[in-house]
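J.: After the structure tokens below, expect a handful of questions from me.
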Amino acid sequence: MFPYPLAGRKLGQDPLFLLALLAGPAAWFVLYLVLQPEPQWDWPLAAPLAFLMPALVYPVLVEIVFRGLVQELVHEYLSPRSYGPLSVANLLTSLLFTGMHFIYHAPLWAALVFLPSLVFGFFKDRTGRLIAPIVLHCFYNAGFLLIITSPV
């Protein structure tokens, strides 16, 4: 099994996890500058399911499937090989995860999912648990939805 350098340690004590959390607002700010959307901050209250499903429900389910099942299966079959801090299982799972986004998103948006996917997989490998990728995925999606989109 892949080594878990942070097994038993709290996420709040991991400087890399804190950096990953800060990467979300940094990315939202860049997207905001590039796209210049007009955020409608109250839309989650007007359409709570339109916000809660992609911000909370889908990330939990997706992380269970991709990091909890796919990434673990790839680890088992390929052994815990890695390229620097990224495992082969993470790279392959992230390619699959990104590929699935091409079904529902424009090609550029789908391709941009690859980097966050690597981050989610990195923390699955680092902690051996799903809580870090779930927290990051929910946080990234919630911020993106609030700042960049307004489906109402």
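The values are calculated or read from the model by the stated rules, or taken from the named source; none is laboratory data. On a predicted model such as this, the values are computed, not experimentally measured, just so you know. Using ideal geometry, Cβ is built from the backbone for each residue, glycine included, and neighbour counts are taken over all protein chains shown. For the accessible areas, the whole protein counts, side chains as well, though only heavy atoms, and no ligand, DNA or RNA atoms are used. Shrake-Rupley method; radii C 1.70, N 1.55, O 1.52, S 1.80 Å.
J.: Looking at (1) open to solvent by 30 Å² or more (accessible area, probe 1.4 Å); (2) part of a helix (DSSP H, G or I), which is the only condition residue 63 fails?
T.: So residue 63 meets the others, but not (1).
J.: Output the number of the condition that residue 147 fails; it satisfies all remaining conditions of (1) open to solvent by 60 Å² or more (accessible area, probe 1.4 Å); (2) modelled with pLDDT under 95.
T.: (1)
J.: So, residue 70, is that one over 14 Å from the mean Cα position of the chain (by Cα), among the β-branched types (Val, Ile, Thr) and crowded, with 16+ Cβ neighbours inside 10 Å or not?
T.: So residue 70 fits the description; yes.
J.: Another question about this same structure. Just one of the numbered conditions (1) of a type outside the set (A, V, I, L, M); (2) open to solvent by 30 Å² or more (accessible area, probe 1.4 Å); (3) not in a helix (DSSP H, G or I) is not true of residue 37; which one?
T.: Tallying (1) of a type outside the set (A, V, I, L, M); (2) open to solvent by 30 Å² or more (accessible area, probe 1.4 Å); (3) not in a helix (DSSP H, G or I), residue 37 fails exactly one: (2).
J.: Show the residue pairs that are 6+ apart or on different chains and have beta-carbon atoms under 7 Å apart, the first residue being within the stretch 39-55 and modelled with pLDDT under 85, the second being part of a helix (DSSP H, G or I) and surrounded by 13 or more Cβ atoms within 10 Å (Cβ to Cβ).
T.: From residues that are modelled with pLDDT under 85, the pairs are 39/146; 39/147; 41/146.
J.: Looking at the stretch 104-115, is at least one residue open to solvent by less than 70 Å² (accessible area, probe 1.4 Å), at pLDDT 95 or above, touching a strand residue (DSSP E or B) at 6+ places or on another chain (Cβ under 9 Å) and aromatic (Phe, Trp, Tyr)?
T.: No, the stretch 104-115 contains no residue that is open to solvent by less than 70 Å² (accessible area, probe 1.4 Å), at pLDDT 95 or above, touching a strand residue (DSSP E or B) at 6+ places or on another chain (Cβ under 9 Å) and aromatic (Phe, Trp, Tyr).
J.: Can you say whether residue 77 is over 20 Å from residue 139 (Cα atoms), of a type in the set (Ser, Thr, Tyr), open to solvent by 70 Å² or more (accessible area, probe 1.4 Å) and not in a strand (DSSP E or B), as far as the supplied structure shows?
T.: Yes: the conditions hold for residue 77.
J.: Residue pairs, Cβ under 8 Å, 6 or more apart or interchain, first in the stretch 1-21 and polar (S, T, N, Q), second surrounded by fewer than 16 Cβ atoms within 10 Å (Cβ to Cβ) and modelled with pLDDT of 60 or more. List them.
T.: Listed by first residue and then by second, the contacts come to nothing, as the list is empty.
J.: Something else: Under 6 Å between Cβ atoms, which residue pairs at least 6 apart in sequence (or on different chains) link something in the stretch 67-91 that is under 15 Å from residue 123 (Cα atoms) with a partner that is open to solvent by 50 Å² or more (accessible area, probe 1.4 Å) and charged (D, E, K, R)?
T.: 88/81
J.: Please report, ordered by residue number, the helices (runs of 4 or more DSSP H) entirely within the stretch 87-152 with at least 1 residues that are over 23 Å from residue 15 (Cα atoms).
T.: Of the helices (runs of 4 or more DSSP H) lying wholly inside the stretch 87-152, those with at least 1 residues that are over 23 Å from residue 15 (Cα atoms) span 88-101, 107-112, 131-148.
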